[in-house]
Amino acid sequence: MNFNLTHSIVLTALFALFNPFEVGAQKVANQIGNLPNARVTTISGQVTKLLDDEFILNDGQRQIIVEAESQLAQPINLSVGEQVTVVGNYDDNEFNAHSITRANGETIQIHDD
């Protein structure tokens with residue numbers, strides 16, 4: 001068997017460059033100013049104002065209105081000042097929530113129209 005160590009190292013390096021991978025399952029929240037359109041993404045921040053089935057979320061740099069109608073039309077009972085992480089999608093200057101996770105880990109599932 002003819003084994004060439006240099007050839008193997010080069011092939012391994014090329015393989016690593018052309019095969020992307022994800023490390024762990026940790027997700028980092030996007031900043032409100034850099035939200036991708038129509039893709040499911042995560043944002044985090046502080047609730048600054050409550051509206052009917054919406055609230056304003058501030059990430060420390062910007063704020064956005066989050067549409068959030070809970071399943072079974074139950075109130076979501078957020079509080080001004082509460083820190084939350086919201087999974088949803090941004091489309092046409094609106095953030096539509098799919099779920100909201102409170103700082104204590106409780107997750108609220110959101111009704112998707």
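The values are calculated or read from the model by the stated rules, or taken from the named source; none is laboratory data. Owing to the predicted nature of the structure, the values given are computational and were not obtained by experimental measurement. Using ideal geometry, Cβ is built from the backbone for each residue, glycine included, and neighbour counts are taken over all protein chains shown.
The figures follow:
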{"item": "Test: residue 111 is surrounded by 11 or more Cβ atoms within 10 Å (Cβ to Cβ) and at pLDDT 90 or above", "result": "no"}
{"item": "Positions within segment 74-97 being of a type outside the set (Ser, Thr, Tyr), out of contact with any Lys or Arg (no Cβ under 9 Å at 6 or more places or on another chain) and part of a loop (DSSP other than H, G, I, E, B), in sequence order", "result": "74, 75, 76, 77, 81, 92, 93"}
{"item": "Long-range neighbours under 7 Å by Cβ, at least six apart or interchain, first residue of a type in the set (D, E, K, R) within segment 45-63, second buried (at least 16 other Cβ atoms within 10 Å of the Cβ) and not in a strand (DSSP E or B)", "result": "53/68; 54/68; 59/32; 62/32"}
{"item": "Filter pass, residue 85 being modelled with pLDDT of 95 or more and under 18 Å from the mean Cα position of the chain (by Cα)", "result": "yes"}
